Amino acid sequence: MSFTPVSTLKVGIDFGEGPLAVGRLAIRERILYFEYERSFIRRGLEISPLRLPLQPGLKRLDAGPFDGLPGVFNDSLPDGWGRLLFDRALRTRGLTPAQASPLDRLAHVGIGGMGALTYEPATDTDPASEEIDLDWLAGQALEVLEGQADEVIGELLALNGSSAGARPKAMIGYDAKTGAMTHGQSPLPEGFEPWLVKFPNTQDGNDAGAIEYVYALMARAAGIEMTQTQLFPARSGAGFYATRRFDRIGRRRLHAHTASGLLHADHRMPSLDYEDLIALTLRLTRDVREAVKMFRLAVFNVLAHNRDDHAKNFTWLMDEAGHWSLSPAYDLTFSSGPGGEQTTMVKGEGRAPGETHLLALATEAGLAPHAAQAIIDQTREALGQWTRLAKAHGVSASRVKLIAERLRRAT
């Protein structure tokens with residue numbers, strides 16, 4: 001990775017037919033500025049209607065929770081694993097992370113980030129090898145987390161894209177018919193689709209991928225929309241969890257915006273209620289069916305003990321016509337939130353949300369009590385498959401028992 005500080009970035013949006021000019025970001029004396037292109041304002045595409053509405057003129061950006069970036073651009077940046085890689089790459093060049101401005105980080109994302117936004121000029125990235133060996137990548141990721149393996153930082157960085165989250169991951173191209181894999185950031189060969197593969201971190205057991213895979217199976221049974229998922233085999237452990245990216249449909253790209261970015265909510269701090277997310281869904285999509293999808297997700301997260309349901313784990317997608325929809329669900333797994341509580345509250349309850357709180361929440365989504373109860377019952381039935389599915393997919397006996405006990409308490 002080369003590093004040349006940038007003072008101005010051209011922001012574009014590419015729905016698959018080439019980028020449209022959105023505007024310009026600039027930094028002067030550590031203060032960030034943004035201005036929309038007039039041609040983009042005339043198109044009427046609101047990429048961030050709440051925090052960066054389409055308005056002419058130069059905007060001096062407040063510091064806010066994202067080092068001065070509007071949330072829509074902060075959503076393009078990796079956090080957790082991706083940020084660690086970028087910072088380590090800087091240190092190998094004798095630089096400190098503090099020397100990289102938010103614009104420098106966006107320049108690294110360039111044209112290959114999640115969603116449809118693009119940033120130019122883009123920082124050159126060390127090319128990753130075309131051959132993908134998941135076991136080798138998992139091993140190198142663990143060495144990086146332990147402070148070693150600086151020599152492979154560039155390759156891991158090239159494979160990471162701008163994915164968020166704490167666990168190591170790689171963007172790959174995957175051909176489901178042949179099982180072949182390739183580097184996922186370059187234009188993909190015919191028959192390949194963009195997928196994301198997760199690897200265990202130093203705190204995970206080697207069955208973390210299997211747990212998330214079983215959760216995806218249960219979520220589908222509960223009526224939640226998911227993209228394709230697979231459990232890729234591993235030489236050690238139960239396998240690597242993988243999912244097809246929801247921001248790409250063939251050669252089309254969709255604009256992606258998280259609750260964190262839309263509301264300027266710091267995902268590291270509990271600050272939201274599912275009431276807020278249902279209201280936001282209705283505001284963006286104007287479709288009560290999308291609000292019902294959010295209610296289903298709330299029910300699953302509460303009953304499945306997925307308590308790390310922070311503001312970056314909810315995304316909305318916008319197409320080239322400006323139509324918004326709730327993205328397929330992701331990052332569904334057994335987890336604990338801060339202090340063991342639900343990160344996103346349910347009608348003000350975070351410590352022990354239950355059926356009473358969920359039924360009260362249902363009215364926000366326009367659901368009658370009997371319809372809400374049917375969703376809760378369907379979710380309970382789906383979660384009842386945990387022990388059978390977990391054993392079938394290689395989850396350790398101790399984790400099968402622990403999670404089964406927690407699910408019984410929640411449901």
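The values are calculated or read from the model by the stated rules, or taken from the named source; none is laboratory data. Every value quoted in this text rests on a predicted model; they were computed, and no experiment measured them. Heads up, the Cβs are rebuilt from the backbone with ideal geometry, glycines too, and the neighbour counts pull from every protein chain shown. Note: areas computed on protein heavy atoms with side chains; ligands, DNA, RNA excluded. Shrake-Rupley method; radii C 1.70, N 1.55, O 1.52, S 1.80 Å.
Accessible area, 1.4 Å probe, largest first: how do 249, 224, 31 sort?
From most exposed to least exposed: 249, 31, 224.
Would you kindly find the accessible area of residue 8, with a 1.4 Å probe and non-protein molecules such as ligands, DNA and RNA excluded, rounding to the nearest 10 Å²?
The accessible area comes out at roughly 50 Å².
For the pair residue 10 and residue 29, how long in nm is the line joining their label points, each one 7 Å along Cα→Cβ?
Result for the modelled spin labels: 2.9 nm.
Want the number for residue 336 to residue 289: 0.36 nm per residue separation, take away the alpha-carbon distance, what's left?
14.0 nm
Which FRET efficiency value, to the nearest 0.05, is calculated for residue 225 and residue 120 with the Förster distance at 30 angstrom and r the Cβ-Cβ distance?
Using R0 = 30 Å, I get an efficiency of 0.35.
Quick one: accessible surface of residue 406, probe radius 1.4 Å, all protein chains present, in square angstrom to the nearest 10.
70
Ignoring ligands, DNA and RNA, what accessible area per residue does the chain give at 1.4 Å, in Å²?
43
Is there a pair in 169/401; 293/391; 59/347; 10/312 whose C-alpha atoms are over 32 Å apart, and which pairs would that be?
Cα-Cα > 32 Å for 59/347; rest within.
Can you tell me how the stretch 34-128 classifies by the Cα gyration tensor, rounded, prolate or oblate, using a/c under 1.5 as the rounded cut?
Prolate, since a/c reaches 1.5 and a/b exceeds b/c.
Lys and Arg at +1, Asp and Glu at -1: add these up for the other residues within a Cβ distance under 10 Å of residue 282 and post the number.
Local net charge: -1.
Please give, to one decimal in nm, the separation of the simple spin-label points placed at residue 391 and residue 236, each 7 Å out from Cα toward the Cβ.
Result: 2.8 nm between the two label points.
Compute a Gaussian network model of the chain, connecting alpha carbons closer than 10 Å, and tell me which residue from 387, 333, 178 fluctuates the most.
Among 387, 333, 178, the largest GNM mean-square fluctuation belongs to 178.
What is the chain's relative contact order, in percent, from Cα pairs under 8 angstrom and six or more apart in sequence?
For the chain, the relative contact order is 14 percent.
Once the whole set of protein chains is in place, how much accessible area is left on residue 136, using a 1.4 Å probe, in Å² to the nearest 10?
The accessible area of residue 136 comes to roughly 100 Å².
Between residue 360 and residue 60, how many nm apart are label points set 7 Å from Cα along the C-beta direction?
Taking the two extended label points, one gets 4.4 nm.
As a test of reading the structure, rank 131, 146, 290 by solvent-accessible area (1.4 Å probe, protein chains only), most first.
The most accessible residue leads, giving 131, 146, 290.
What is the local net charge at residue 291, summed over the other residues whose Cβ is closer than 13 Å to its Cβ (Lys, Arg +1; Asp, Glu -1)?
Charge balance near residue 291 sits at 0.
For residue 405 and residue 50, compute 0.36 nm times the residue count separating them, minus their Cα-Cα distance, and round to one decimal in nm.
Full-extension gain reported as 123.6 nm.
Post the alpha-carbon centroid distance, the stretch 1-39 to the stretch 322-346, in whole angstrom.
A separation of 30 Å, based on Cα centres.
So if each residue of separation counts as 0.36 nm, and I subtract the Cα-Cα distance between residue 136 and residue 370, what length gain in nm does that give?
Using 0.36 nm per residue and subtracting the Cα-Cα distance, I get 79.2 nm.
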